[in-house]
Each structure stands twice: as structure tokens, then as C-alpha cells.
Amino acid sequence: MDIADSVLDLIGRTPMVRLTRVTEGIACPIVAKVETTNPGGSVKDRPALAMIDAAEEEGLLTPGSTIIEPTSGNTGVGLAIVAAQRGYDCVFVMTDKVSPEKVDLLKAYGAEVIVCPVDVAPEDPRSYYSTAERLVNERPGAFRPNQYSNPINPLSHYVTTGPEIWEQTDGKVTHFVAGAGTGGTLCGVGKYLKEQNPDIQVIAADPEGSVYSGGDGRPYLVEGVGEDFWPETYDPTIIDRVIAVSDAQSFHRTREVSRQEGLLIGGSCGTAVEAAITVASELSEEDLVVVLLPDSGRGYLSKIFNDEWMMQYGFLSDEGPTIQEIIDGRTSEIPNIVYVQPDDTVTKAIELIQQYNLSRIIVAQGSLPLSAAEIKGTIDETQLQIRSFEKGFFEMKCSEVMGPRMNFVGSGESIRSVLFKLEHDQTLIAVDKGRPIAVISASDILSYLQRSGKAKNG
């Protein structure tokens, strides 16, 4: 009988499928390695099993041990599946940018989940890397697989994923494209393929802002790909080319592949497909591009596949006059975004409020252009008046006195819908393709409507 002894026996041997509809007009064929068929729904099942096997052989995991790992979700699921079979507890540390479905999924496997801020440096005690390390030190019998430095991570792909691709393409693969996360998949597969044929090109698909493509690691919205530091598992000597892909390009391709190819894929898959199409467009029918699809879109239903979320972050547009038209038509000398850093003093916030005659000011971390994740909160005149009598108040940090951040509206939202939102909010932050671009108030809209009316009557 063809029956697996456990779910772990189902990991690997994933299928490949030709992408035809999203590659129309491109001579070079693109074939997708569909890792969503792994039992945990992602490519991360492979290194998860391999890292646990190796730890058990070395005596690092014993009955009663707890597995602790920072993860964007997929590695956590893979580890949770192995832990369920082997009898280990799990604690996973995630950033606050991951979709709620991923948190719930890990909890469904019985894991404990701790969420940390995304916009802090890796060495910051609040980061998900530092938090995981602290938990390992605090909990007796804890083991951290550490996918970012564990050589078993790329080795698992060298032993399984690479040979599968070589065999399934009958050795005809000429280019391999995958997202750059820990680097395990890219470097493990790339090393194997180059040993079979040194002419094979290995291409990293990377989010704009990630260090691999020259960014500084500032937050971006696509999940599970890119980094803000250089992991030990990433070997740049194996990579022939890095292609930067924006959030907007990633999300567009994700939705397009899901709707046109019938493959429900995640955001990092969209990043990889976008890069693969860029590469294939430069090649001939004699070449063969293989793109690895790491995970399913089921973990992103509340984000990439949710029109309201996409609209709010400026990735979709309504019909008719939109907020972008209001921003483009402004004549005020006040900058569209006025903000203070979290470590700035309250005195600086007051100075800017007075200078630009504002009723409230944004608290944000970073330089322009900001990302949505870097908006921390808001300080308004009412807060300042109420607390102005506190001792040392004016020298306090803005992060110590700020209130919740303003709500977001997409730059492509209709003026009518935003007017409804302004009935409940004094001001809103307009976001275009994941980046805050302006603060919007009801007076901005009324001024626009007044100008439009005069133009029509003029």
C-alpha cells in the first residue's frame, strides 16, 4: 500500500508546473517549483525537519525540550509539525507585520507565539531575533534551530530541492530564481545546480529596502523574504544577480498568478515570479527559468487578497476623484508630511506644531520617504495642554507622550469614502503603495471641492 507512516514522510518531492498565462509573449519558458504541497504549506518544511533531525543526533534536543525560533511564520509551521510528531513544545517569535492568519495557524499547532515590533534593529532587545535569544537563555532545555546561521538550512535544499529540480527538468534548467530570505533555499539549490552545470545562473528576488539589493533593511510590507542583516546562511558567491522588487510589484504578481494560473500563492512568491519574468524576458526559447514558489496565499487572505487592505495601503484605486488628486492640487507651503522622531523632545514637537499651525503631529521613526510601519503615533494639542503642567514634561521623549497613530487611507480612495471616514477622525494619513505621503483633513477636501466648483463655473 502507498501510505506514509507519518506526515513527515510527505515533505519534499513537490511538483513543477509551467506558467503560461502570466508569461504570455515571453519566449523563454518559466516553470514553477510548487512548494505549497508540503504538509505545512511551504518550502520551510524541508529545513525544519533537517534541523530537528540534526539536533536530535547531536543530543541538543531531548524529551521535554522546547523549540524556540524567530520566524515570519513558515519555518514555525514546519518546526511545529515536526514537534507534534516528536513531542516537543514550541515558542515562536514573530514581527507585528505578519498577517493574523499566521499567528493563528501556529497557535493551531499548539505553539506559543510572541509578537515583537518590526521596525527595530536586530540587536535591539525588542527585536524578534533578540527576544528569541533571550527566551532560549531563560528557559531550561530550550533549543533554537537558528535558521539564519544553521548550515543544515542550506544543506537540506542541497540534498533535496536541488536534485529534484535537476531531475524534473532533465538537466535543462538554465536559470534558478527564488526569494532571498535566510538564503538557505537560494544557496542550497544554487550550489547543487552549479555543481551539475556551472553555467546555470542563480538569481535572488529581493524586496526593495532589503540589504541583499542594497537597502538598509527599513520595513517593507511583503512578508517572509529579504533581511535587515546578513545571515550566515547566505553565500553571495553563489548568487549571480539580485533583482529588487517593490511591494506593489510583488502584490500585483501575487494576485495575478492566483487569478490567472489558479495557483493561490503568497506575497514572496509574487516577488519571485516578478523577478523570474524580468529574467525570462531577456532570454530565448532555448533557456529554461525555474522559479520557486515558497508558500500558499492562504496566510495572506486578510492582506494581499483583501481589497480593503490593499486600498488602505494605496495599492488599489477607486473610480472618480481620489485623495491623490487633492494632494497633487495643494498650494500650501506646509510639507505634506511633518513629523518628529520618537526620541525627539516634546519641545521640538511643540515648535513644529506652532511653526506649521498644526493641530497634531506624527511621531515616526526614520527619514523620508517613510514606510507605513515606521509611523508610531501622534501628539496633538489636547495632549500637550493636559500634560503641560507635569514636571519635566517638555524634555520628555515624544515616544513617552504620544497617542495612537492616525488611521490610514489609500491615495486611490475616493473623496466620498474618505469624507465619511473624516466624520470620525480629525485627520488621516494618506498612503501610496505602502508609503505615507500626506496628512489629510476635511478642510483639504472642502478646499479641493471649492476649487473644482470654481473651475467648472469659470
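The values are calculated or read from the model by the stated rules, or taken from the named source; none is laboratory data. Just so we're clear, the structure is a prediction, and the values are computed from it rather than from any experiment. Cβ: placed from backbone, ideal geometry, glycine included. Neighbour counts: every protein chain shown.
Below, the figures for the structure above:
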| item | result |
| --- | --- |
| LYS102, sole failed condition from (1) touching a residue at least 12 places away in the same chain (Cβ under 8 Å); (2) more than 23 Å from ARG298 (Cβ to Cβ); (3) not aliphatic (A, V, I, L, M) | (2) |
| Residues of the stretch 86-123 satisfying the condition of being of a type outside the set (A, V, I, L, M), surrounded by fewer than 19 Cβ atoms within 10 Å (Cβ to Cβ) and closer than 18 Å to THR66 by Cα | ARG86, GLY87, ASP89, LYS107, TYR109, GLY110, GLU112 |
| Matching entry among VAL363, VAL418 (being modelled with pLDDT of 95 or more and buried (at least 20 other Cβ atoms within 10 Å of the Cβ)) | VAL363 |
| Residue match in the stretch 176-183 (condition: hydroxyl-bearing (Ser, Thr, Tyr) and touching a Pro at 6+ places or on another chain (Cβ under 7 Å)) | yes |
| Candidate set: the stretch 312-358, residues that are closer than 22 Å to TYR448 by Cβ and small (Gly, Ala, Ser); chosen: the one modelled with the lowest pLDDT | SER332 |
| Helices (runs of 4 or more DSSP H) within the stretch 105-174 that include 3 or more residues touching a helix residue (DSSP H, G or I) at 6+ places or on another chain (Cβ under 9 Å) | 152-156, 162-168 |
| All positions within the stretch 28-64 that are free of Cβ contacts under 8 Å to residues at least 60 places away in the same chain, within 23 Å of ARG298 (Cβ to Cβ) and in a helix (DSSP H, G or I) | THR37, ASP45 |
| Residue selected from the stretch 79-101 under the condition in contact with a strand residue (DSSP E or B) (Cβ under 7 Å, 6 or more places away or on another chain) and not in a strand (DSSP E or B), by the criterion farthest from ARG46 (Cα to Cα) | ASP96 |
| Subset of the stretch 336-357 (residues that are free of Cβ contacts under 8 Å to residues at least 24 places away in the same chain and surrounded by 12 or more Cβ atoms within 10 Å (Cβ to Cβ)) | GLU351, LEU352, TYR356 |
| Pairs, first over 17 Å from LYS191 (Cα atoms) and in contact (Cβ under 8 Å) with a residue 40 or more places away in the chain in the stretch 231-260, second assigned to a helix (DSSP H, G or I) and charged (D, E, K, R), C-beta under 6 Å, six or more apart | VAL245/GLU274; ARG253/GLU274 |
| Residue tally, condition part of a loop (DSSP other than H, G, I, E, B) and in contact with a Phe, Trp or Tyr (Cβ under 7 Å, 6 or more places away or on another chain), over the stretch 175-209 | 6 |
| Residue within the stretch 165-187 that is without any contact (Cβ under 8 Å) to a residue 24 or more places away in the chain and either under 17 Å from the mean Cα position of the chain (by Cα) or buried (at least 21 other Cβ atoms within 10 Å of the Cβ) (or both) present | no |
| Only one of SER156, SER127 that is hydroxyl-bearing (Ser, Thr, Tyr), out of contact with any His (no Cβ under 8 Å at 6 or more places or on another chain) and assigned by TED's automatic domain parsing to the domain that holds VAL177 | SER156 |
| Flag for ALA248 being within 25 Å of PRO163 (Cα to Cα) and not in a strand (DSSP E or B) | no |
| Qualifying residue in the stretch 391-411 (condition: of a type in the set (Phe, Trp, Tyr), farther than 26 Å from GLN312 by Cβ and at pLDDT 90 or above) | yes |
| Members of the stretch 300-335 found to be without any contact (Cβ under 8 Å) to a residue 40 or more places away in the chain, surrounded by fewer than 16 Cβ atoms within 10 Å (Cβ to Cβ) and hydrophobic (A, V, I, L, M, F, W, C), listed by number | ILE334 |
| Selection from the stretch 397-412 of residues that are surrounded by 15 or more Cβ atoms within 10 Å (Cβ to Cβ) and farther than 19 Å from LEU370 by Cβ | VAL401 |
| Filter pass, ILE350 being farther than 30 Å from CYS116 by Cβ and in a loop (DSSP other than H, G, I, E, B) | no |
| Failed item in (1) at pLDDT 95 or above; (2) in contact with a helix residue (DSSP H, G or I) (Cβ under 7 Å, 6 or more places away or on another chain), with ILE429 passing the rest | (2) |
